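Shown next, in structure tokens, is the structure this report addresses.
The values are calculated or read from the model by the stated rules, or taken from the named source; none is laboratory data. Computed from a predicted structure; not experimentally measured. A quick note on method: Cβ atoms are made from the backbone with ideal geometry, for glycine too, and the neighbour counts reach across all protein chains shown.
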Amino acid sequence: MVSIVLGSQWGDEGKGKITDMLSQQATLCCRAAGGHNAGHTIVHENVTYDFHILPSGLVSPSCINLIGAGTVVHVPSFFKELGQLETKGLTSAGKRIFISDRAHVCFDLHSVVDGLEEKGLGGRKVGTTGKGIGPCYSDKAARRGVRIGEILDEVTFERKLRTLDTSYRARFGDLAYDVEEEIARFKEYRVKLQPYIIDQLEFLQQHENSPNILVEGANALMLDLDHGTYPFVTSSSTGLGGAVQALALNPQKIKNVIGVLKAYTTRVGSGPFPSEQLNAEGEKLQSVGREFGVTTGRKRRCGWLDLVLARYSHAINHYTALNLTKLDILDDFDEIKVGVAYILPNGKRTTGSFPADPNVVEKLEVEYVTLPGWKSNTMGVTKYEDLPLNARAYIEFIEREIGGVPIKWIGTGPAREHMIARA
């Protein structure tokens, strides 16, 4: 059985908690896309873990973990993060993590180039994390990238990295980067990495009868290269299709597609955001919700829940259930608005399609429904019937509006136990 957890908005929905919970029963946990630009925070048994490139299934001592072929791996970050987990008591983590030899290497060179490319965009910056993800995926698509497996072939590895360095210098001129320094570091990494690198297909065939496979999405649907708010997106396929492609999943074995939906909407970086609130309500959501990026520390932009976006996300990812997160952040609002439709610049009303043109998105108007707040504390509630009536009405309104997709889990606080599981 395969379960896939995907972000349904612009990321930062709080996927870590549900993946942590599901990984306790998982026998295999896989990352399909993205790199160390992603971030999940997990609070497990009063210990806080920050995950970036590593799958959060490492929290479970019985779960094997895979960084799949669709990812890009910054090797220093891989070892740094692994070391931090082991320092916090996950001493077996290094024996339960493997990397596909087809994943691509994200170099320090890519990070330097990332900054130069953003600078060149001027006022139309994408708002990347600066981690080199975009340039790395660009090299992959242009067929000049370096795969993880090629690190083991010293001659090929060094030739390809020097070629990348030469080509970027031809484009940008002098770089604040020393290719020979990076090559020297990889002489050590070559030995350290060898036990982790595997043939992904052989590995997955060995685990094909694994009773509970969990696929952990990074980023979210609206940052997908094909379906997101292009060009203000990441450089990988972050939806259901990307997970199937990157891990060669058998679609017939996918039993659960879980969309993680924050009870309001946030995004980090540039780009269209129809329900953004540049007012006191947006500031309150930002402050009460502690909306800062796990990976970058950047302040997140905040707005009301956008159901047009959620319906669009569902139409692409085909969710079988939803995990609504951070419900408790809405506890102190007198009224709560929900975006239910867009009025496009030409006057057309749409309820489930997200325009491809960012210029159209910037000019559309959001039609809101206003619901009464509950003005009481839901922090730590673990039973649905213990929620205030208006909070339950809010949840059930969302379910109806997204076409009856059940909200099976409801987050009511940061700790792992702050979760309602509905029958």
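A few points about this structure:
- In region 107-125, the residue that is modelled with the highest pLDDT out of those that are touching a helix residue (DSSP H, G or I) at 6+ places or on another chain (Cβ under 7 Å) and aliphatic (A, V, I, L, M) is LEU109.
- Condition met for LEU364 (modelled with pLDDT of 95 or more and surrounded by 13 or more Cβ atoms within 10 Å (Cβ to Cβ)): yes
- Restricting THR87, THR71, THR41 to those that are among the hydroxyl-bearing types (Ser, Thr, Tyr), on the phi < 0 side of the Ramachandran plot and buried (at least 23 other Cβ atoms within 10 Å of the Cβ) reduces the list to THR71.
- Test: residue in region 396-403 that is at pLDDT below 95 and either touching a Phe, Trp or Tyr at 6+ places or on another chain (Cβ under 6 Å) or not assigned by TED's automatic domain parsing to the domain that holds GLN9 (or both): yes
- Of everything listed in (1) within 16 Å of SER313 (Cβ to Cβ); (2) modelled with pLDDT of 95 or more, the single unmet condition for THR234 is (2).
- Checked against (1) in contact with a Lys or Arg (Cβ under 9 Å, 6 or more places away or on another chain); (2) closer than 24 Å to VAL191 by Cβ; (3) of a type in the set (A, V, I, L, M, F, W, C), PHE78 meets all criteria but (1).
- Scanning region 251-273 for residues that are at pLDDT 95 or above, of a type in the set (D, E, K, R) and surrounded by 23 or more Cβ atoms within 10 Å (Cβ to Cβ) yields a count of 1.
- Among the residues of region 201-229, those identified as in a loop (DSSP other than H, G, I, E, B), surrounded by fewer than 22 Cβ atoms within 10 Å (Cβ to Cβ) and modelled with pLDDT under 95 are HIS207, GLU208, ASN209, SER210, PRO211, ASN212.
- Tallying residues that are surrounded by fewer than 21 Cβ atoms within 10 Å (Cβ to Cβ) and more than 23 Å from VAL105 (Cβ to Cβ) within region 45-62 yields 6.
- Residues in region 143-190 that are without any contact (Cβ under 8 Å) to a residue 40 or more places away in the chain and hydrophobic (A, V, I, L, M, F, W, C): VAL155, PHE157, ALA170, ILE183, ALA184.
- Listing of strands (runs of 3 or more DSSP E) fully contained in region 31-89 that carry 1 or more residues being at pLDDT 95 or above and either within 23 Å of THR129 (Cβ to Cβ) or acidic (Asp, Glu) (or both): 64-67
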